[in-house]
Amino acid sequence: MSEGPLHPARSDESEPFWRGVGRGELWIQQCPETGRLIFPPRLRSPFAPRAAPGWTRVSGRGHIWSFVVPHPPLLAWYAQRAPYNVILVALVEDPAIRLVGNLVASEDGDIDAIDPSEIAIGAAVRVAFPRVDGDLRLPRWLRI
C-alpha cells in the first residue's frame, strides 16, 4: 500500500454512506419506526431493534462540537502535516449525530491550512467531499 491517508474500514452496513460520499452527498441511517437518525451505520435500529434502518440524505450542515490538534502524529503521512485539526461536527438535523473530519479552508484545502487558534466550538460548518487519495473521498468541513 502506498503512503497516504488512512482509508476507512468499509462494510455492508456503511456502504450506502460511502456511495453517497462518492457522489458528494451525506447520507445517514434513519429508524423506520421512530424517524431518528443513526450513526455509525448498523444492521438494526437501536430505537426499534426489530427494524432495519433506511437511509436519508441530510443537509451536510452542522456545528463544531469539539476538536483536537494531534501532537505528535504516529503515521508518517500525518506527521508531515502536523499540526492539523480533527473536528467533531454535530449535524443540524440531530446534534446527537456527530461526524469526525478536518476543518479545511477550501474544498480541496489541506488539513493543516487552518490555524488551530481560529477554530471555535459552535462554529457553523458545511460538509465538502474532496478527493484525498486516488478515488478516496472523505467528508471534510468548511466554515460557513
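Only residues in the range 70-81 that are closer than 13 Å to Leu6 by Cβ count as the first member; pair them with residues that are of a type in the set (A, V, I, L, M) and not in a helix (DSSP H, G or I), Cβ under 6 angstrom, at least 6 apart or cross-chain, and list the lot.
Cβ pairs passing all conditions: Pro73/Ala82; Arg81/Ile111.
Just one of Ile114, Ile87 is in contact with a strand residue (DSSP E or B) (Cβ under 6 Å, 6 or more places away or on another chain), farther than 29 Å from Leu37 by Cα, in contact (Cβ under 8 Å) with a residue 12 or more places away in the chain and surrounded by 17 or more Cβ atoms within 10 Å (Cβ to Cβ); which is it? It would help to see each step written out before you state the result.
Numbers: Ile87 fails: farther than 29 Å from Leu37 by Cα.
Unique residue meeting the criteria: Ile114.
Hey, which of the strands (runs of 3 or more DSSP E) in the range 69-144, taking only ones fully inside, have at least 1 residues that are at pLDDT below 95?
Result: 131-133.
Checking Trp77 against (1) farther than 16 Å from Phe17 by Cα; (2) surrounded by 15 or more Cβ atoms within 10 Å (Cβ to Cβ); (3) aromatic (Phe, Trp, Tyr): exactly one of these is not met. Which one?
Unmet condition: (2).
Could you list, in sequence order, all residues of the range 5-26 that are touching a residue at least 24 places away in the same chain (Cβ under 8 Å), over 13 Å from Leu138 (Cα atoms) and not in a helix (DSSP H, G or I)?
Scanning the range 5-26 gives Ser11, Glu13, Ser14.
Quickly run through the range 104-133 and pick out the residues that are small (Gly, Ala, Ser) and in contact with a Gly (Cβ under 8 Å, 6 or more places away or on another chain).
Ala124
Please specify each residue of the range 27-47 satisfying the condition of being in a loop (DSSP other than H, G, I, E, B) and in contact with a Lys or Arg (Cβ under 9 Å, 6 or more places away or on another chain).
Start the filter on the range 27-47 by keeping residues that are in a loop (DSSP other than H, G, I, E, B), which leaves 31-36, 39-47.
Correct list: Glu33, Phe39, Arg44, Ser45, Pro46, Phe47.
The values are calculated or read from the model by the stated rules, or taken from the named source; none is laboratory data. All of these numbers come straight from a predicted model, not from anything done at the bench. Note that each Cβ is placed from the backbone with ideal geometry, even for glycine, and that neighbours are counted across all protein chains shown.
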